[in-house]
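Inspection log for the structure reproduced underneath, given as structure tokens.
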Amino acid sequence: MRTTRIGSGAGFAGDRFEPAEVLVRHAGLADLVLECLAERTIALGQQRRLTDPAAGYDPRLLARFRRLLPLAAEHGVRVLSNMGAANPLAAGRATAALLDELGLDRGVAVVTGDDVLDRIDPRTPALEDGVPLEEHGELVSANAYLGADAIMPALGADVVLTGRVADPSLFLAPLADRLGWDLADPPRAAAGTLIGHLLECAGQLTGGYFADPGRKEVPGLAELGFPFADVTADGAAVFGKPDGTGGLVTRATVREQLLYEITDPTAYLTPDVELDLREVTVRETGPDRVAVRGAIGRARPPRLKVSVGYRAGFRAEAEISYEGPNSRERAALAGEIVTKRLPAPPRIQLSTSDHESRLRVAALTRDRDAAEAVCHEVEALYTNGPAGGGGVRTSTTEVIGIVSVLADREIAEPAVTTFGPVR
Amino acid sequence: MILHDIAHCRAGDKGDTSILSLFPYRDEDFPLLVREVTAERVRAHLAGQLRGEVVRYVLPNLCALQFRCRQALDGGVTTSLALDTHGKGLSFRLLSLPIG
């Protein structure tokens, strides 16, 4: 039966670079997926794009690709990533320029159409609280979760970049391409979505979010390897990691990832399918090899989820430490004083060890001045509070809130733009 | 005995919802988890952090329990004032539940 091997080279924007390189060098992959776009990342990208029209994509894209793409070219591995974030076209241009600079004759395809900010109805109630979008604050982003069908036309390129797509769709599309699957066939779409869901957090499948010394031992965590899956045309998959790397793939690591972030295991909704996990089986077939099958699929949902970012104000965070005898009482007194001096009560937290207490003061304010006033009152505790306060750290950051709505599929018009040689 | 002695747990987040999945180390302990770790007990044990409803899914095929906890993350990752905005620590707080 036809088989393909797909790897996972990043599970979030801050992920390490090396494990993807090990996968490309040693795992014999057909495709490597880098999932780097958390819920809030795209709104932060939109913020950066407002001040610089060429920005808005993953800030680590070029650093990651400079190391990875020469290896991918050498080993003939197709690379897919949502590092396009809030500006996939700019990401595509930057990647094409990098390939030129590196002397690599490789093509880039960019999937666009997820940005629906100018089409979203601001009166739509948010799924989270039923409150209309416009009442949350000024909207800064609205991105529809595109599915595998939007990615398929881009797969003739060596590097595929997207903005917001459902994470498992980044895996389902290349699997469908390699194995000749019809995306409208729910059992295949469900199988590929299950595989994508297991791989999308990279090291979380191989022991990277698992160790609990004495209970759950993970060998070689400092050299953690990232996962791959061998997938057959009928949708069965065996998960593993490159030989010689750290970490582990067991029934326990796979089960933890299987249910991760699934709000309803009887109906996990993506743009591609409604996935039911109740019949899934997880079986160890060898050292660091786990077979997973049994995904049940039903027809894809009629509407797309749209993630909407809005200006939610400013977060002030400030901390101060007190040491030695009575430190907890002095830190608590500092919290009471600063609460009295501020117009609205902040959130107060005390972390206490044997010899030290650290006071944390946090507040969400409507403007930057109010946030800085909170930080100022904590700093002023140096000489206006209890004895022995030290080590003040303060920060003020703008907060982009995120809510979701459902919208008709027509709100998004997916398109593909190519740079360089593309089949 | 506490849950940590016989089970492991993973926390995930979606908006203001925390998702806690619980697995026994030994499959034969699964019936004990089903009997003892009810949605009501999880809600009571994590009171103070959870403000919404808790729904439990029983997945015998996987030997797993899944708890969907609404209003558990101080409004959600981006606007939360908590230190652990994702609520990652909730899984280990659940594992401190006395059992048996």
- Message: I'd like the full set of residues that are at the interface with another protein chain (Cβ under 9 Å from one of its Cβ atoms) and in contact (Cβ under 8 Å) with a residue 24 or more places away in the chain, limited to the range B:10-19.
- Response: B:Arg10, B:Ala11, B:Asp13, B:Gly15, B:Asp16, B:Thr17, B:Ile19
- Item | Subset tally (residues that are over 18 Å from A:Leu198 (Cβ atoms), under 11 Å from the mean Cα position of the chain (by Cα) and among the aliphatic types (A, V, I, L, M)) for the range B:4-23 | 2
- Message: I'm checking my understanding of the structure. Among residues of the range A:180-226 that are over 24 Å from the mean Cα position of the chain (by Cα) and within 14 Å of another protein chain (Cβ to nearest Cβ), which one is surrounded by the most Cβ atoms within 10 Å (Cβ to Cβ)?
- Response: A:Lys216
- Within the range B:29-63, track down each residue that is farther than 24 Å from B:Thr85 by Cβ, within 13 Å of another protein chain (Cβ to nearest Cβ) and assigned to a loop (DSSP other than H, G, I, E, B). B:Pro60, B:Asn61, B:Leu62, B:Cys63
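Restricting attention to the range A:342-357, does a residue exist that is part of a helix (DSSP H, G or I) and either in contact with a strand residue (DSSP E or B) (Cβ under 9 Å, 6 or more places away or on another chain) or not assigned by the TED database to the domain that holds A:Glu319 (or both)?
No, every residue in the range A:342-357 fails to be part of a helix (DSSP H, G or I) and either in contact with a strand residue (DSSP E or B) (Cβ under 9 Å, 6 or more places away or on another chain) or not assigned by the TED database to the domain that holds A:Glu319 (or both).
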- Which ones in the range A:336-359 are surrounded by 21 or more Cβ atoms within 10 Å (Cβ to Cβ) and either within 14 Å of another protein chain (Cβ to nearest Cβ) or not hydrophobic (A, V, I, L, M, F, W, C) (or both)? A:Pro346, A:Ser357, A:Leu359
- Query: Would a scan of the range A:273-288 turn up a residue that is more than 23 Å from the chain's Cα centre (by Cα) and free of Cβ contacts under 8 Å to residues at least 12 places away in the same chain?
  - Reply: yes
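From the residues in the range A:393-423 that are among the acidic types (Asp, Glu) and part of a strand (DSSP E or B), which one is farthest from the chain's Cα centre (by Cα)?
Ranking the candidates gives A:Asp408 first.
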- Among the residues of the range A:296-312, is there at least one that is farther than 30 Å from B:Arg70 by Cα and surrounded by fewer than 17 Cβ atoms within 10 Å (Cβ to Cβ)? no
- Item | Test for A:Ala176: is it touching a residue at least 40 places away in the same chain (Cβ under 8 Å) and small (Gly, Ala, Ser) | no
- Checked the range A:230-273 for anything buried (at least 22 other Cβ atoms within 10 Å of the Cβ), among the charged types (D, E, K, R) and more than 14 Å from chain B (Cβ to nearest Cβ); matches are A:Lys241, A:Asp272
- Return the only residue of B:Gly87, B:Gly75 being surrounded by fewer than 19 Cβ atoms within 10 Å (Cβ to Cβ) and part of a loop (DSSP other than H, G, I, E, B). B:Gly75
- Scan (1) among the charged types (D, E, K, R); (2) farther than 23 Å from A:Val116 by Cα; (3) part of a strand (DSSP E or B) for the single condition A:Arg278 breaks and write down its number. (3)
- Message: Residue under question is A:Leu99, and the condition is that it be touching a helix residue (DSSP H, G or I) at 6+ places or on another chain (Cβ under 6 Å) and either among the aliphatic types (A, V, I, L, M) or in contact (Cβ under 8 Å) with a residue 24 or more places away in the chain (or both); does it hold?
- Response: no
- Note on the structure: Residues of the range A:44-74 being within 25 Å of A:Arg164 (Cβ to Cβ) and either touching a Phe, Trp or Tyr at 6+ places or on another chain (Cβ under 8 Å) or charged (D, E, K, R) (or both), in sequence order, are A:Gly45, A:Arg48, A:Arg49, A:Asp52, A:Asp58, A:Arg60, A:Ala63, A:Arg64, A:Arg66, A:Leu68
- Task: With the condition kept exactly as written, say whether any residue in the range A:31-44 is more than 27 Å from B:Thr78 (Cβ to Cβ) and more than 18 Å from the chain's Cα centre (by Cα).
- Result: yes
- Among all residue pairs at least 6 apart or on different chains, which show Cβ distances below 7 Å where the first residue, located in the range B:24-40, is under 13 Å from B:Tyr57 (Cα atoms) and the second is part of a loop (DSSP other than H, G, I, E, B) and among the aromatic types (Phe, Trp, Tyr)? none
- Message: I'm told B:Asp13 meets every condition in (1) farther than 30 Å from A:Glu319 by Cβ; (2) buried (at least 20 other Cβ atoms within 10 Å of the Cβ) except one. Can you identify the failing condition by its number?
- Response: (1)
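The values are calculated or read from the model by the stated rules, or taken from the named source; none is laboratory data. On a predicted model such as this, the values are computed, not experimentally measured, just so you know. Cβ sites come from the backbone with ideal geometry, for glycine too, and all protein chains shown count toward neighbours.
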